[in-house]
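The values are calculated or read from the model by the stated rules, or taken from the named source; none is laboratory data. This is a predicted model, so every value here is computed, not measured. Positions of Cβ are backbone-derived with ideal geometry, glycine not excepted, and every protein chain shown enters the neighbour counts. Accessible surface is based on the protein model in full, side chains and every heavy atom, while ligands, DNA and RNA are left aside. Shrake-Rupley method; radii C 1.70, N 1.55, O 1.52, S 1.80 Å.
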2 protein chains.
Amino acid sequence: MKWYESCGKDRDVIVSSRVRLARNIVDYPFGDRLDDASKKEIIAKVKDALADGKEYVFRDFASLSETERIAAEEEHAVSPEFARGSGPRALIESADGTAFIMILEEDHIRIQTITPGFSLDEAFDKAREIDGKLDSKLNIAYDEKLGYLTHCPTNLGTGMRASVMMFLPGIAHSGDLRSLQNQLGKIGLTIRGMAGEGSSADGCLFQISNQVTLGVSEEETVAKLVQITERLIEQERTLRRKMYEADREALTDRIMRSYGVMLYATLVDTQELFRLYSDVRLGVSLGVIDCVTAERLDRILVKCMPAVLIRDNDGVRDARSRDRARAETIRRLLSGAPEGKK
Amino acid sequence: MKWYESCGKDRDVIVSSRVRLARNIVDYPFGDRLDDASKKEIIAKVKDALADGKEYVFRDFASLSETERIAAEEEHAVSPEFARGSGPRALIESADGTAFIMILEEDHIRIQTITPGFSLDEAFDKAREIDGKLDSKLNIAYDEKLGYLTHCPTNLGTGMRASVMMFLPGIAHSGDLRSLQNQLGKIGLTIRGMAGEGSSADGCLFQISNQVTLGVSEEETVAKLVQITERLIEQERTLRRKMYEADREALTDRIMRSYGVMLYATLVDTQELFRLYSDVRLGVSLGVIDCVTAERLDRILVKCMPAVLIRDNDGVRDARSRDRARAETIRRLLSGAPEGKK
């Protein structure tokens, strides 16, 4: 199941957990110096390597429409660079919707797993399983001293980026974000806002990930992120409760109004959706609202991204038709009714 | 039935119709030169004059609490001057809730009738009936040349003010209010905003009334107001439809959001209520919303006025508790559930 289709541990604070491994094949230059023939060879080799065993879905990513590519980015299946790049490239998706192997992103291979809630170990295990499978079939570039060789030196070593997508309205409200950013930087972690790309924290969604890949093991990286995340979860819950206690009625009113608008508005733009999502998701965690779940709201957020809306709904094009389809999708998913085309 | 408890003709545009007759008793000076003993005599005489026939409820208005007095003003049962004045005065209310006789407002007697929707003739008939009853028992000050003698010269003649409370979102939106004001002035009518006292037209409620009382008959006054009101009703409907057609989706969105906020907000202040009321009442008239009626919304507006809320709900005092009770009252009345104390 996709990360936005199932619940998960500490879902009140953690939206999803992700692990990404960068890998390259010996005997081929890095991506920007590859000719199209070599690219096609690499795609074929990775496809073959995963052909046996459990099911994978292969997609010639370059042949997809722009809408489909951006929609995949909005679902967090692929990176923005991969979605918006050019030239031959492919995407292999595990049938259970938790793993995405980008072929010819920045590196020859990028294994990415994404699991619901706080589940870094599970995401890591899944990534490692695919890595092992590829390693047994392909000659992966690895140096005894440096570790995995990658296109960008910042990925050298483990080639791993582990991350958690956190919902942090309490911390954001407390104004402690800047200091959190500094603290995390000192221990080799980074935090960035996810409401819109790298924009302000209207949606209170933040991705926290490791920056260091050299001189550490994968296990150490995951363990450290798990440890820090556990502390942040507690901090967020405390601040959320404190914010609530400071003025229960005013916060309840804000939450209920946002819920009312979600149920009744007929035109909703992306920026407002982030705000409504944030209010209502907070309301669910505080027990103010009990007729919707956090994962349902996460699903709404994904299903209401611009390209996803265009992909999943007939006749959606311009801003107005997107806002209309977004409002309809919110209402449909809040009521628990079955979804349209997809 | 009170004007906000029943439907009425052209209720999409006309909230209520009102007629007020100013009368004074011969042998007593006007109000500001009356001593308390004379005031009590006048109160007793008027009370006696209405004692027979159909039922009236007598209230020693001066002994009411400030909350009860202001609440009566908010329900349009009495004038602001009467509610906020001092000294002996009384209110006689017809048992059917359509007539209110203020004793010792500016004049000795002010007969006021208020009926739902566009029903000026009905309001006039009711006022005339009470007037006849009083005239048969009391020596009413009347001059062959001047007509009824009143405290203020602007009421000399008929002593009558006929008015309609109109809901005019279309005209307000069109920006033609100023020109309407000028036009009405030229034919002896006046218009004033009613959202809050004389404030801006956030709520789109306007009272249109005659200014001239001298040299015209009561019938002429009512006939002219009826004629102009009929034209305004048509104009308002046309402009409302035009506003809707200009951007159906955007207006529908605004209406549905306001309805959602009414159903879900837990704190609502008076100013916002006027805005929500206006949006939803417009939505009802356009057929965008069909699960609530105009008179139900009018009832909500009255029942959510500050003093009415304090009078009708236990424990309501400060602004926060009023905003809370207002939100609860809106939800309760929208759902059609029975009301609290009253």
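Explain nothing, just the number: relative contact order of chain B, from Cα pairs under 8 Å at least 6 residues apart, as a whole percent. Kindly include the intermediate steps, with their values, before the conclusion.
Working: 601 pairs, mean separation 70.3, N = 342.
So the answer I get is 21 percent.
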query = In whole angstrom, how far apart do the alpha carbon centroids of the range A:315-332 and the range B:6-65 sit?
reply = 57 Å
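As an exercise, use a Förster radius of 45 Å and the Cβ-Cβ distance of residue A:26 and residue B:269 to find the FRET efficiency, rounded to the nearest 0.05. Show your work: numbers first, answer last.
Values: r = 70 Å, r/R0 = 1.55.
The computed FRET efficiency comes out at 0.05.
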request  = Could you work out, residue by residue across A:112-118, how many beta carbons of other chains sit within 10 Å of that residue's beta carbon, and then give the average as an integer?
outcome  = 0
task = Give the interface area between chains B and A as buried accessible surface, both sides summed, probe 1.4 Å, in Å² to the nearest 100.
result = 1600 Å²
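What percentage of the solvent-accessible surface of the range A:3-238, computed with a 1.4 Å probe over protein heavy atoms, is contributed by carbon and sulfur atoms? Walk me through the numbers before you get to the answer.
Values: 4890 of 10010 Å².
Carbon-and-sulfur percentage of accessible area, whole number: 49.
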key: At most 16 other Cβ within 10 Å, DSSP loop - trypsin sites (Lys or Arg not before Pro), the range A:139-238   = A:145
note = Between residue A:190 and residue B:320, the two model label points (7 Å from Cα along the beta-carbon direction) sit apart by a distance in nm of 4.4 nm
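Mind scanning A:47/A:126; B:2/B:137; A:45/A:126; B:133/B:303; B:137/B:224; B:145/B:224 and naming the pairs with a C-alpha gap bigger than 25 Å?
Working: A:47/A:126 18 Å; B:2/B:137 27 Å; A:45/A:126 20 Å; B:133/B:303 32 Å; B:137/B:224 31 Å; B:145/B:224 22 Å.
The answer is B:2/B:137; B:133/B:303; B:137/B:224.
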inquiry  = Leaving out ligands and nucleic acids, and using a 1.4 Å probe, what accessible area per residue does the protein assembly as shown come to in Å²?
reply    = 42 Å²
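Contact order normalised by length for the range A:223-342, with contacts defined as Cα pairs under 8 Å and 6 or more residues apart; what percent is it?
Details: 98 pairs, mean separation 31.3, N = 120.
Computed over the range A:223-342, the figure is 26 percent.
Just counting partner chain Cβ atoms within 10 Å, what average do the residues of peptide A:245-256 show around their Cβ? Let's see the in-between values first.
Working: counts 0, 0, 1, 1, 7, 4, 1, 3, 9, 3, 2, 8.
Mean partner-chain Cβ count within 10 Å for A:245-256: 3.
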task = Assuming R0 = 22 Å, can you tell me the calculated FRET efficiency for the pair residue A:48 and residue A:145, based on Cβ-Cβ distance, to the nearest 0.05?
result = 0.15
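Of the peptides B:208-218, A:298-308, A:34-44, how do they stack up when ordered by the mean number of other Cβ atoms within 10 Å, highest first? Provide the component values of the computation, followed by the final result.
Details: B:208-218: 17.5, A:298-308: 22.3, A:34-44: 15.5.
Ranked by mean Cβ neighbours within 10 Å, highest first: A:298-308, B:208-218, A:34-44.
Under the 0.36 nm per residue contour assumption, what length would be gained going from the current alpha-carbon distance of residue A:217 and residue A:41 to full extension?
Details: separation 176, 0.36 × 176 = 63.36 nm, distance 3.09 nm.
The residue A:217-residue A:41 span can extend by a further 60.3 nm.
Order A:27, B:121, most accessible first, counting only protein heavy atoms with a 1.4 angstrom probe.
Numbers: A:27 135, B:121 95 Å².
Descending accessible area places them as A:27, B:121.
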The range B:154-198 and the range A:69-134: distance between their alpha carbon centers, rounded to Å = 67 Å
Nearest-20 debye value, the range A:1-152 charge dipole, Cβ charges on Lys, Arg, Asp, Glu = 120 debye
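For chain B, what does the helix formula give at 222 nm: sum of -39500 (n - 2.57) over DSSP H segments with n ≥ 4, over the residue count, nearest 500 deg cm²/dmol? Each step should come with its number before you reach the end.
Details: 12 runs with 159 residues, N = 342.
Here the helix-only value at 222 nm equals -15000 deg cm²/dmol.
Determine the dipole magnitude for chain B: charges of +1 sit on the beta-carbon of Lys and Arg, -1 on that of Asp and Glu, nothing else is charged, the reference point is the Cα centre, and the result goes in debye to the nearest 20. Numbers along the way, then the final one.
Working: 50 positive and 56 negative charges, 130 e Å.
That gives chain B a dipole magnitude of about 620 debye.
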remark   = Averaged over the residues of B:267-276, the number of partner chain Cβ atoms within 10 Å of each residue's own Cβ comes to 1
key: Computed magnitude of the charge dipole of the range A:1-69 (debye, nearest 20; Cβ of K, R +1, Cβ of D, E -1)   = 260 debye
